[in-house]
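The values are calculated or read from the model by the stated rules, or taken from the named source; none is laboratory data. If you're wondering where the values come from, they're calculated on a predicted model, not measured in any experiment. A quick note on method: Cβ atoms are made from the backbone with ideal geometry, for glycine too, and the neighbour counts reach across all protein chains shown. Surface accessibility is based on the protein's heavy atoms, side chains included, excluding ligands, DNA and RNA. Shrake-Rupley method; radii C 1.70, N 1.55, O 1.52, S 1.80 Å.
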Amino acid sequence: MECVFGLVGNGFAIVAADTSAVHSILLHKNNEDKIMMLDSHKLVAASGEPGDRVQFTEYVQKNVSLYKFRNGIPLTTSAAANFTRGELATALRKNPYSVNILLAGYDNESGASLYYIDYIATLHKVDKGAFGYGSYFSLSTMDRHYRSDMTVEEAIELVDKCILEIRSRLVIAPPNFVIKIVDKDGAREYARRQSVVDVTTAAV
């Protein structure tokens with residue numbers, strides 16, 4: 001039921017993900033952040049088994065930080081994507097991770113980019129991508145409305161269209177989404193789209 005999608009615009013990349021933590025038919029929480037900051041100019045949005053998702057993204061984050069600490073320069077977005085793909089490929093022959101990743105970043109030389117990495121270590125540089133059941137609706141919406149020269153406002157409007165389609169069409173649609181952006185000013189949370197707010201359960 002997870003929904004993760006992203007796109008590249010004119011000088012920026014945006015990723016969005018639902019915030020539902022689900023197991024079987026139970027919703028445990030609806031404020032789970034599935035988009036991690038790898039460093040100041042990289043975001044990784046992940047979907048998959050919760051344990052694999054958290055453990056693997058933290059593993060990648062710490063190794064990206066270790067590389068910068070050892071060498072004094074950060075990995076480029078392409079290098080971080082290839083490292084992530086390599087670790088998934090190695091694990092695939094041993095103890096595979098059930099995790100799909102959209103890795104977005106901004107480099108001074110090459111600008112904004114988005115990489116699609118799935119659980120069998122397929123790596124592609126894409127302009128737009130999505131994972132989960134929500135991808136059936138978000139990909140078709142982005143195919144119709146996406147342009148490579150979109151401004152931030154236009155891209156957010158497209159993200160909102162994708163969220164609306166997911167909420168309207170998916171039988172068990174996640175209610176809340178988080179949207180993050182990365183550009184020359186760094187990676188940061190841009191907005192949240194919430195239709196359900198966490199409430200404290202009253203004692204019976």
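Assorted remarks:
- Working from label points 7 Å from Cα in the Cα-to-Cβ sense, the Lys68 to Thr90 distance is 2.1 nm.
- Taking Val44, Val159, Val22 as the candidate residues, the one with maximal mean-square fluctuation in a Gaussian network model of the chain, Cα springs under 10 Å, is Val22.
- Reference-scaled alpha-carbon Rg (2.2 N^0.38 Å with N residues) for segment 72-204: 1.22
- Bins of 10 Å, starting at 0 and running to the largest distance - Cα pair percent for segment 112-172: 21, 49, 28, 2
- Among the lysines of the chain, pairs that are 8 or more positions apart or on different chains and have alpha carbons within less than 15 Å of each other number 9.
- When the alpha carbon gyration tensor of segment 19-147 is reduced to an equivalent ellipsoid, its three semi-axes come out at 24, 20, 14 angstrom, largest first.
- Student exercise, segment 2-126 dipole from Lys, Arg, Asp, Glu Cβ charges, in Debye to nearest 20: 320
- Percent RCO, i.e. relative contact order, over the chain, from Cα pairs under 8 Å lying at least 6 residues apart: 30
- With kT/(6 pi eta Rh) evaluated at 37 °C and eta = 0.692 mPa s, and Rh the Kirkwood radius from Cα pairs, segment 13-58 diffuses with a coefficient of 286 µm²/s according to Stokes-Einstein.
- For Ala45, net neighbour charge (Lys/Arg +1, Asp/Glu -1) across residues whose Cβ lies under 9 Å away: +2
- The convex hull around the C-alpha trace of segment 52-116, projected and averaged over every direction, spans 4.5 square nanometres.
- Vicinal HN-Hα couplings computed from phi for segment 161-167 (Karplus, 6.51 cos²θ - 1.76 cosθ + 1.60; Hz; Gly/Pro x): 5, 5, 5, 4, 5, 4, 5
- Residues Met36, Met142, ordered by accessible area of protein heavy atoms at a 1.4 angstrom probe radius and largest first, appear as Met36, Met142.
- Size of electric dipole in segment 122-204: Cβ of Lys, Arg +1 and of Asp, Glu -1, about Cα centre, debye, nearest 20: 220
- Close amide-amide hydrogen proximity is noted between Cys3 and Asp18, each under 5 Å apart and 5 or more residues distant or on a separate chain (H modeled in the peptide plane; Pro and chain starts excluded).
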